1. How large a share of the accessible area of segment 99-139, in percent, is made up of carbon and sulfur atoms when the probe is 1.4 Å and the other protein chains stay in place?
2. Pulled fully out, how much extra length does the chain show between Lys418 and Ser145, if you take 0.36 nm times their separation in residues and subtract their Cα-Cα distance?
3. If you take every residue apart from Gly195 with its C-beta less than 13 Å away from the C-beta of Gly195, what net charge results, scoring Lys and Arg +1 and Asp and Glu -1?
4. With every protein chain kept in place and ligands, DNA and RNA left out, what is the accessible area per residue of segment 411-563? Probe 1.4 Å, answer in Å².
5. Just to verify a number: FRET efficiency for Phe361 and Leu384, C-beta to C-beta distance, R0 = 22 Å, to 0.05?
6. Just the Kirkwood number for segment 528-626, please: inverse of mean 1/r across all distinct Cα pairs, in Å, one decimal.
7. Within the accessible area of segment 558-597, what % is carbon and sulfur when the probe is 1.4 Å and the other protein chains stay in place?
8. Report Rg (one decimal) and Dmax (nearest whole number) for segment 518-582, counting Cα atoms only, units Å.
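The values are calculated or read from the model by the stated rules, or taken from the named source; none is laboratory data. Computed from a predicted model, the values in this text were never measured in an experiment. Cβ placement follows ideal geometry from the backbone for every residue including glycine, while neighbour counts extend to all protein chains displayed. The area values use the complete protein model at the heavy-atom level, side chains included, leaving out ligands, DNA and RNA. Shrake-Rupley method; radii C 1.70, N 1.55, O 1.52, S 1.80 Å.
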Amino acid sequence: MRTGRQNQIDDKQLEVAVKGSEAANQEETPIKGSEAADQAETTASNKTVKQTQTTAKGRKAVRQKPIQPVDGNSWKQGKWFWQNGGGEYAVREKIGSAVLALLFSFFLTAGWQLESTGQYMFFAGWTPVVLLLLFILFFCVILWSFQVLYQRERESVKQRTMYSAKGFRQWKGIPVFLLRQGGMILCWLPVLLAGYPGFFCYDATYQFNEVASEMYDLHHPLLHTWLLGKTLTLSKVYLGSYEAGVLLFCVIQMLVITACFCAVLELLERRRAGRKLVWLSFFYYALHPTCVLFGLCTTKDSLFTAFVTLHLVFLVELLDQRKDFFKHPLLMVGYAGSALFAMLFRNNGIYSWLLFLPFLFLAAKEVRKQAVILTVSCMLLCLLITKGLAGLLEAEDKNGFREMLSIPAQQLARTYAKEGADFFEKEEQDRLYSFISQEDLGRYNPKLADPVKANLRVGLNSTLPDFATLWLKTAIRSPGNYLDATLVQTYQAWYPLTIPDGYCGEKAKPRYQGSESCYFALQAEEPVQMDSKLPGLLAVYEFFSRHMTFDTVPLLPLLFSVGTMFWILLYALVYAVCHKRLEAAGVLLLILCLCLTCLLGPIVLVRYYLILFFALPLVVGVNKLL
């Protein structure tokens, strides 16, 4: 593993190694290759390990430990790339490519069937043949891409240097961090004017009503509810309108989120991930509609995802510096603070970290004890703060844990809808109606669990065992309906050729009437009124938010699809595992754990999987950072 804390060499050894590498590269050899040149190149690459040297200004330049060299002869001779191209990782790359190809092939075939027919039929028609052909195609492409990326990393590793300098790099006396943040804000301002005073939507109205009526519900994160509601009520008193409060909230949130994005850019630059990646990441954050629209939206998911993104930056530092990380109080505060705020701003955040703990234990290695204790402390502190706020605000848990039962409720409802009431025995029918009313069962929506689970009557200690018994008996008798219910409920999160539309259709919510997709709720709900200053630009974003599909704009939606981002995450994760980069895999696994908890939710919405968009530059570059 490339930890950067072992085998330190002095300046002279590094200079000799680099000169030896340059001499080997400049020497002209036959196609079959010179053994002496290959040996010199291998020796130079092995000696180019992470080095620490102090400059006149007290800054440290760290040379990263290179990737283990591959057998270049087979590459130069043009042999089949799967013979020796991966060197010591060849077997791992083949296994990883096969796993990834199998997943992608299944995602494509299953997603296409679910999109067109609403069910998955493995043995229908040419499905097995198409699955096999896709598997072969994906296997060859993925394995080839692994070899190309690995070869490029090997060739460029000697030029990558990480600078752990104090403070921020400056340009003409101005911190580059602030220049980048200012540039992002300038790009976001036209969108803010188009949606003036801001996008007050999703659960914002419910949260405001809770504050206005002083009847709080634990279904929404109390800290975010209180901050949002108080901002609006105080603005009404002192500024004369709710719109001023929304504008103030959106401006503060814009400053926070752009600062988190700039922290990602700072990390990429300091660790020499590549100038192209840094610039592309800047323009991505500044112009990509998903980042901009949700950055100016009052939903709790925006700040939650921003803090998770910031936490990933500190997680990279922890997994790389390890013992040195715990010598810097500011790094520890940043790690703990970002995790704590993320957990406080969305209820399922704490479950994501709970699921991530075993992977953190493996990735942190010699500091696993300190890392786990620090993370668990954040989780406990989050529970204490939530408990204290609940007591102070007299909040009630009206929703219970119905969100967690979205998939089981959908599975029972689909079985009831497809097989009919007679499928259940009289006693089973009575028990089913005691949990889900007959009316709610008739409102079954394959992509949206809200109609079924909204009035779900299941108590944690009282009726949960009976519900689990009924669910298990029905699963044994109707596994196909259970599988279809799960796939059709979640496929828009892992199938790239679709845009979320769970709120659309015949049973659409009022705000999505006439919409082909529900990518973003481009509106301001009561008591706020939208007063667009740039209606033309607002119309462009309205098309993007409600009418962009693969039918209206072919291929372009791939850049905004949740499934596309999920594929990129899986690709980066498998690549890291194949090359034994446990630290990089640990960073990616936190994102995956968050996505897995969202798969249990009532619907696939972009805001639930927003981390796939906010953390995309880190996902792309993490294998260069660790």
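1. After summing per-atom areas, the C and S share lands at 83 percent.
2. 93.9 nm
3. With Lys, Arg at +1 and Asp, Glu at -1, the neighbours total -3.
4. On the way: 7110 Å² over 153 residues.
Here the residues of segment 411-563 average 46 Å² of exposed surface.
5. Working: r = 23 Å, r/R0 = 1.06.
Rounded to the nearest 0.05, the efficiency is 0.40.
6. Value: 15.6 Å, from the Cα pair sum.
7. Accessible surface attributable to carbon and sulfur in segment 558-597 totals 90 percent.
8. 18.1, 54
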